[in-house]
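The values are calculated or read from the model by the stated rules, or taken from the named source; none is laboratory data. Just so we're clear, the structure is a prediction, and the values are computed from it rather than from any experiment. So basically every Cβ, Gly included, is an ideal-geometry build from the backbone, and we count neighbours across all protein chains shown. Heavy atoms of the whole protein, side chains included, go into the accessibility calculation; ligands, DNA and RNA do not. Shrake-Rupley method; radii C 1.70, N 1.55, O 1.52, S 1.80 Å.
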Amino acid sequence: MSEILRSHLAGRWIGETAATPLAHAVTGDIVAHTHREQPDFGEALAFARGDGLRGLLALDFQRRASILRALAKRLAERKEALYAISAWTGATRRDGWVDIEGGIGTLIAYASLAAAELPSGNLLHEGPPSSLGKRNTFAGTHVLVPRRGVAVHVNAFNFPVWGLLEKFAPAFLAGMPCIAKPATATAYLAVALVREIEATGLLPPGALQLVVGGVGDLLDRLDGQDVLTFTGSADTAARLRTHPNLVRCSVPFNAEADSLNAAILGPDVEPGSVEFGLFVDEVVREMSAKAGQKCTAIRRAIVPRARLDAVASALRGKLAALVVGDPALEGVQMGALASRDQQADVAERVAMLARDCETVFGAADGFAPRGERTAGGAFFAPTLLLCPRPLETASVHEIEAFGPVATLMPYDGLDEAITLAARGRGSLVATLVTASPAVAAEAVPRLAAWHGRLHVLDAESAAESTVHGSPLPGLKHGGPGRAGGGEELGGLRAVTHYLQRAAVQGSPTMLTAITGEYVRGAKVTESDVHPFRKHFEDIAVGDSLLTHRRTVSEADIVMFGGLSGDYFYMHFDEPAARASAFGKRIAHGYFVLSAAAGLFVWPSPGPVLANYGLDTLRFVKPVGIGDTIQARLTCKRKTDRPAKGDGPGQGVVAWDVQVTNQDGALVASYDILTLVAKRTAP
């Protein structure tokens, strides 16, 4: 008998009785069943809010980032087991690479992002602070902290690995336990993934739970500390958005919905050009990758009317050469849809579109999937439709066939192309293929109102392009309107989605204690030991040094100009400088920066290993000949870096630097970042 897929809830695997059968997408053979037992979601939520939260919050941002990286490494070692099961979904090796290695790569990306940008604790200061009083004794700022709830992720069938991991990674970093609910059709791959994750032993108990089958009363049990995310159809997203309990408890809800994404061939592109070929390749790739089962796939190919025949002919030729069949066979480029139900749904929607469209290429053009046992599979012919009058035809902007289907649409003028793209009522992504910067500059600001991501493709970017349909960890994934109105990924934006933002008011000293980050005006600690002579463990936020003074001379300006080659008139031309807004010659800003370093740097070897960055630099007030400057160096922020290898390791210290003149006025302000050695091994 085929495997019974079990849910992983409250620390144990649940499910003994077979329920819904799940078929191999290529052969139609039954490969698994869901389980019949109804989970106790009250117990699952209590486990997540109890053991799960305690385990996650016993760690900090940096430690959770280290676990993500270790998890990615372990999954990479076991990826072939996932590839083998991925083939059951009808995916080719290339399709599986996007899903499996794309998911693992997302874990690595978020681990790296967190290691570089998140603090060592569980509070993220979202500054800068604002002074709320004239004497700078009362200030305000924003902080982000982990919610005390659960992240419930309802995922789509098309990317069982990437879909789970790209939601899990930022939620885990934010300290939220997750309950993942994969789509039933391909749940066997999600179950295999979670088994691999559990086998690593890296996650705290309750950090990740899995539901196979329906969600029962789970959504009725969520509250305002929880988060719900959804990937799937726009219709289901709309129903979830109005769920009574989600509305009543103001549960944060993020939807990433299927949308009628567009690709626009610019009016400047001629047949035979590089850009013309790129457009054709992009459309065919998006029709065939995952058999068109991508929320980001191109559904509407919008082309100049004068290029319609040339584009149709080129697409027809490429589609005719596409090899469809069992992905296990060498040379197969496109596999099956995920299920027979999906096959029937796509066929129904193509029939609806065909009422208003002509068929340029489809099943009648010799469709015959390769493979001995494909007759029972969920294959669907690559289908290219043509809508002659897209401005007058509503169906092509409303009906999505979630498979290897796209519709050609002619336009007259760039304004009309942009109007057609907007008729989709909000999309995840649109591609503009053009060789003209002027076309891109005109189109993109107008297209941006209707699309979450814009992919501008030309001959220059083609070699490194990540293609139309690939969301990236560092860029927002989501879109307005029909696309769900939400966001995923986007770097730290995805992590902060799972954190609670709060405004905090108080004295600078109190804000420093709360945020773990020095706020100007707070009390500082001065000692006889220079801050640069302290190891990482011995430095405290607020440790400060007030330097001796230095008077700036004309010789300083002349020598710095000779050294740097900067002979800007404000530094050397007395009459011109006197006629300027400053009324006098002034020192180079970078001389002031260098002179300040000379005031506070400890010259001898010590724990400070390197100065590797400078942030928020502002030259606030000019420094003239005869002015006297002084610097205050204060530890602003510390970020512990987990040790690599057997050495003592190091941490990052950000120092607040204020350079003032003889009147106490601020002339330069910035942060410097230093790598500081630890005194002992962890």
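Taking the range 93-127, which residues are open to solvent by less than 10 Å² (accessible area, probe 1.4 Å) and either on the phi > 0 side of the Ramachandran plot or not acidic (Asp, Glu) (or both)? Explain how you work it out, then say what you get.
Start the filter on the range 93-127 by keeping residues that are open to solvent by less than 10 Å² (accessible area, probe 1.4 Å), which leaves 95-96, 99-100, 103, 106-107, 110-111, 114, 118.
Listed by number, the residues that qualify are 96, 100, 103, 106, 107, 110, 111, 114, 118.
In the set 149, 175, 214, only one residue is open to solvent by 10 Å² or more (accessible area, probe 1.4 Å) and either of a type in the set (Gly, Ala, Ser) or touching a His at 6+ places or on another chain (Cβ under 6 Å) (or both); that residue is 214.
Give the range 55-92 a look and list any residue that's among the hydrophobic types (A, V, I, L, M, F, W, C), touching a strand residue (DSSP E or B) at 6+ places or on another chain (Cβ under 9 Å) and under 23 Å from residue 109 (Cα atoms), or say none. Break it down into steps so the answer makes sense when it comes.
Here is the first cut: in the range 55-92, the residues among the hydrophobic types (A, V, I, L, M, F, W, C) are 56-59, 61, 65, 67-68, 70-72, 75-76, 81-82, 84-85, 87-88, 91.
Then keep just the ones that are touching a strand residue (DSSP E or B) at 6+ places or on another chain (Cβ under 9 Å); that gives 56-57, 61, 85, 88.
Within the range 55-92, 56, 57, 61 qualify.
Here is the figure for the range 232-244: residues that are open to solvent by 20 Å² or more (accessible area, probe 1.4 Å) and small (Gly, Ala, Ser) total 3.
The residues of the range 232-244 that are part of a helix (DSSP H, G or I) and either in contact (Cβ under 8 Å) with a residue 40 or more places away in the chain or closer than 18 Å to residue 258 by Cα (or both), listed by number, are 234, 235, 236, 237, 238, 239, 240, 241.
Going by the structure shown, is residue 2 of a type in the set (Gly, Ala, Ser), at pLDDT below 90 and over 27 Å from the mean Cα position of the chain (by Cα)? Walk me through it before giving the result.
Numbers: of a type in the set (Gly, Ala, Ser): yes; at pLDDT below 90: yes; over 27 Å from the mean Cα position of the chain (by Cα): yes.
So residue 2 fits the description; yes.
Cβ separations smaller than 7 Å between residues 6+ apart or across chains give the following pairs from the range 456-482 residues that are within 28 Å of residue 117 (Cα to Cα) and touching a residue at least 24 places away in the same chain (Cβ under 8 Å) to residues that are among the basic types (Lys, Arg) and assigned to a helix (DSSP H, G or I): 467/285; 476/493. For residue 374, the criteria (1) modelled with pLDDT of 95 or more; (2) not in a helix (DSSP H, G or I) hold in every case but one, which is (1). Of all residues assigned to the range 481-494, none qualifies as being under 21 Å from residue 661 (Cβ atoms), in contact with a helix residue (DSSP H, G or I) (Cβ under 6 Å, 6 or more places away or on another chain) and open to solvent by 10 Å² or more (accessible area, probe 1.4 Å).
Every residue in the range 455-479 that is over 23 Å from residue 165 (Cα atoms) and either open to solvent by less than 30 Å² (accessible area, probe 1.4 Å) or not hydroxyl-bearing (Ser, Thr, Tyr) (or both), please. Of everything in the range 455-479, those that are over 23 Å from residue 165 (Cα atoms) and either open to solvent by less than 30 Å² (accessible area, probe 1.4 Å) or not hydroxyl-bearing (Ser, Thr, Tyr) (or both) turn out to be 455, 456, 457, 458, 459, 460, 462, 463, 464.
Based on what the data block shows, is residue 180 open to solvent by less than 10 Å² (accessible area, probe 1.4 Å) and at pLDDT 95 or above? Criteria met by residue 180.
Considering each of 65, 44, 23 in turn, give the residue that is within 22 Å of residue 169 (Cβ to Cβ), touching a helix residue (DSSP H, G or I) at 6+ places or on another chain (Cβ under 8 Å), of a type in the set (Gly, Ala, Ser) and buried (at least 19 other Cβ atoms within 10 Å of the Cβ).
Details: 44 fails: touching a helix residue (DSSP H, G or I) at 6+ places or on another chain (Cβ under 8 Å); 23 fails: within 22 Å of residue 169 (Cβ to Cβ).
When all the criteria are applied, what remains is 65.
Of the residues 94, 63, the single one that is of a type in the set (D, E, K, R) and under 21 Å from residue 471 (Cβ atoms) is 94. For residue 84, the criteria (1) closer than 30 Å to residue 650 by Cβ; (2) in a helix (DSSP H, G or I) hold in every case but one, which is (1).
Hey, can you tell me all the residues within the range 7-18 that are surrounded by fewer than 16 Cβ atoms within 10 Å (Cβ to Cβ) and under 25 Å from residue 150 (Cβ atoms)?
To start, the set of residues in the range 7-18 that are surrounded by fewer than 16 Cβ atoms within 10 Å (Cβ to Cβ) comprises 11-12, 16-17.
Once the filter is applied, which keeps residues that are surrounded by fewer than 16 Cβ atoms within 10 Å (Cβ to Cβ) and under 25 Å from residue 150 (Cβ atoms), the range 7-18 yields 11, 12.
Across the range 434-492, the number of residues qualifying as more than 22 Å from residue 288 (Cβ to Cβ), part of a strand (DSSP E or B) and among the basic types (Lys, Arg) comes to 1. For the condition modelled with pLDDT under 95, within 30 Å of residue 83 (Cβ to Cβ), out of contact with any helix residue (DSSP H, G or I) (no Cβ under 9 Å at 6 or more places or on another chain) and small (Gly, Ala, Ser), what is the one hit in 368, 364? The match here is 368.
Checked against the criterion of being under 25 Å from residue 483 (Cβ atoms), open to solvent by 40 Å² or more (accessible area, probe 1.4 Å) and not in a strand (DSSP E or B), the candidates 356, 309 yield just one match: 356. The criterion of at least 2 residues that are surrounded by 14 or more Cβ atoms within 10 Å (Cβ to Cβ) is met, among helices (runs of 4 or more DSSP H) falling completely within the range 534-649, by 554-564, 569-572, 589-600. Among the candidates 651, 589, 583, 606, the residue that is touching a residue at least 60 places away in the same chain (Cβ under 8 Å) and more than 27 Å from residue 529 (Cα to Cα) is uniquely 589.
Yes/no matrix, rows are residues, columns are (1) part of a loop (DSSP other than H, G, I, E, B); (2) more than 16 Å from residue 171 (Cβ to Cβ); (3) open to solvent by less than 20 Å² (accessible area, probe 1.4 Å); (4) at pLDDT below 90:
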| position | (1), (2), (3), (4) |
| --- | --- |
| 194 | no, no, yes, no |
| 209 | no, no, yes, no |
| 223 | yes, yes, no, no |
| 230 | no, no, yes, no |
| 246 | no, yes, yes, no |
| 281 | no, yes, no, no |
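Residues considered: 431, 407. Of these, the only one that is over 23 Å from residue 184 (Cβ atoms) and over 28 Å from the mean Cα position of the chain (by Cα) is 407.
Could you tell me whether the range 258-271 includes any residue that is open to solvent by less than 20 Å² (accessible area, probe 1.4 Å), over 20 Å from residue 436 (Cβ atoms) and touching an Asp or Glu at 6+ places or on another chain (Cβ under 7 Å)?
Here is the first cut: in the range 258-271, the ones open to solvent by less than 20 Å² (accessible area, probe 1.4 Å) are 259-266, 269.
Restricting the remaining residues to those that are over 20 Å from residue 436 (Cβ atoms) gives 259-261.
If we keep only those that are touching an Asp or Glu at 6+ places or on another chain (Cβ under 7 Å) as well, we get 260.
Within the range 258-271, one or more residues are open to solvent by less than 20 Å² (accessible area, probe 1.4 Å), over 20 Å from residue 436 (Cβ atoms) and touching an Asp or Glu at 6+ places or on another chain (Cβ under 7 Å).
Checked against the criteria, residue 524 does not count as open to solvent by 40 Å² or more (accessible area, probe 1.4 Å), of a type in the set (Val, Ile, Thr) and free of Cβ contacts under 8 Å to residues at least 12 places away in the same chain.
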